[in-house]
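Single-structure report; data block below.
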């Protein structure tokens, strides 16, 4: 058992060290799906090989982490009114998805068990991988330590996904430059596993020459000692707000905004990209659209003259729901990186409109809007 735990940890540390030394490491990836395909699921689930796309790479993976624990918030029915005026702006009536179980009973049990094992092993190995870095951190600059910690965290997520594959993730990416432009990255937030999936697939989504990343996260996650250790070693930036349940309006502690802005500006000055979740919390009903969007991403982009990049996530709530926990109804996930905008968004309204119509629609349906409409939204010329 100790050997099983040590192998991914050692591999993660070696991979991170080699990346930092500038060497190109060619790793043989075992893209396998350990789940039997001859079981009779309620809905047919294609093998990974059937999900190929000209600009897509497909992996059988999973990631999970414990996040905001709060009383279950029931999803609204089709006839319910959404009282919050800003929530109504983002509300998109979408046809209800079939609520029946998408996996056969055996596959459902295997996926749920594998998810639990993944979380347990990840929480065990992350501190082990970071411990050597903690010992040598007095001899490193703060920026170098944070970059090494980020690579170690990503490598742990990636290696355990290779050893415990149970989720078929379809990645839709863009051709990235060898000299990437400093950017602000944003995504919708539908499941506790979102951040770990994004860390695991960071190299695939943003390219081999990507800039290091700092994530803005809810300070309440620091109650988990492993997450606190990783986030603080990697220099992630906390945002303080009340734990008032998923789906309810965010209540930010405005006293901490100055510190958050100061840390964000310092991160950009140190060569990091920023990653934000504009909804600020888990969305319990993504099929109905986004929660209220907070415009901090636009404020940071406008102040630093950086473009905003959009990332859409679909399907992770079928693995781990915001309020219902590990449901494992379906193991298909899609993550898409959208093209660069032709220029910075002129106003916060332009950014919010593009995020809601592009990312919100993809999060709800797993499909994109028309390419013409997307071009208009990304150029900020859609005035609707």
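The values are calculated or read from the model by the stated rules, or taken from the named source; none is laboratory data. It should be emphasised that the depicted structure is a prediction, and the values quoted were computed from it without experimental measurement. When we count neighbours, we look across all protein chains shown, and the Cβ atoms used for this are built from the backbone with ideal geometry, even at glycine.
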For this session: Select from region 242-256 the residues that are at negative phi and buried (at least 20 other Cβ atoms within 10 Å of the Cβ) and list them in ascending order.
Result: 246
Exercise. If you check residue 165 against the conditions, is it modelled with pLDDT under 95, touching a helix residue (DSSP H, G or I) at 6+ places or on another chain (Cβ under 9 Å), closer than 30 Å to residue 253 by Cα and not in a helix (DSSP H, G or I)?
Worked result: no
For this session: Return a yes/no flag: does region 315-327 have any residue that is in contact with a strand residue (DSSP E or B) (Cβ under 8 Å, 6 or more places away or on another chain), over 30 Å from residue 166 (Cα atoms) and touching a residue at least 12 places away in the same chain (Cβ under 8 Å).
Result: no
Exercise. Can we say residue 205 is in contact with a strand residue (DSSP E or B) (Cβ under 6 Å, 6 or more places away or on another chain), in a helix (DSSP H, G or I), touching a residue at least 24 places away in the same chain (Cβ under 8 Å) and surrounded by 18 or more Cβ atoms within 10 Å (Cβ to Cβ)?
Worked result: yes
Exercise. Could we say that residue 280 is more than 30 Å from residue 104 (Cα to Cα) and touching a residue at least 60 places away in the same chain (Cβ under 8 Å) here?
Worked result: yes
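Being touching a strand residue (DSSP E or B) at 6+ places or on another chain (Cβ under 7 Å), more than 25 Å from residue 167 (Cβ to Cβ) and modelled with pLDDT of 90 or more: is that true of residue 308 here? Break it down into steps so the answer makes sense when it comes.
Working: touching a strand residue (DSSP E or B) at 6+ places or on another chain (Cβ under 7 Å): yes; more than 25 Å from residue 167 (Cβ to Cβ): yes; modelled with pLDDT of 90 or more: yes.
It is true that residue 308 is touching a strand residue (DSSP E or B) at 6+ places or on another chain (Cβ under 7 Å), more than 25 Å from residue 167 (Cβ to Cβ) and modelled with pLDDT of 90 or more.
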Exercise. Counting just the residues of region 339-356 that are in contact with a helix residue (DSSP H, G or I) (Cβ under 6 Å, 6 or more places away or on another chain) and buried (at least 19 other Cβ atoms within 10 Å of the Cβ), which one comes out farthest from residue 115 (Cα to Cα)?
Worked result: 345
Exercise. Can you name the residue in region 361-383 that is more than 27 Å from residue 317 (Cα to Cα) and not in a helix (DSSP H, G or I) and is also modelled with the lowest pLDDT among such residues?
Worked result: 383
